[in-house]
Amino acid sequence: MSWFRPTTALDKIFEVGLLLKGIDGTLELLGGFLLLFLTPERLQHYLHAITQETVSGEKPSKILGLLFHSVDSLSTGSRVFLIVYLWVHAAIKLIAVIGILKNKLWAYPFSLITLGVLTLFQVISIIHKVSLGMIVLTIFDIFILWLIWREYGKAKIELGAKIQKTED
């Protein structure tokens, strides 16, 4: 089993992008576990404790306000949906990242299809409600998809060369 070894600058950018996707997938997995084991009340308590120093009498920022509101509005159904969503999203990302880093040929089409579908959902989300953060994330994901496509072509050529070499 060989690991992905970047040689060019684009390969190194690709590796960093994959690692960022892996970190994101790991955080989503952990977030799902937090939602599973912590009640909305407990989350609200921790959120207040964590942000108390940063807010300390000031009006909370838009992000903190949105976070407080999101935790307040978590119902049982939306909590279960969010847990499942985070775990599925995390599993797709982690399987794709680990497979590619281990140079598994199946991981490239898997990544292109699954991450492509997730990116398509992001585009649909942007169409319904424009968000600068979502636009930046989508551009990053499209760039990663292009790098996966590029690496897939290189991996197929390398595999073909290895097969040709063993047949000779």
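Derivation of every value follows stated rules applied to the coordinates shown; laboratory data play no part. All values reported here derive from a predicted model rather than from experimental measurement. As a convention, Cβ positions derive from the backbone with ideal geometry for all residues, glycine included, and neighbour counts pool all protein chains shown.
Data overview
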{"read-out": "Distance (nanometres) between label positions extended 7 Å along Cα→Cβ at ARG42 and ILE23", "value": "2.8"}
{"read-out": "Sequence of LYS102, LYS93 once ranked by neighbouring C-beta atoms within 10 Å, starting from the fewest", "value": "LYS102, LYS93"}
{"read-out": "Centre separation in Å (Cα based) which lies between the range 90-128 and the range 144-164", "value": "17"}
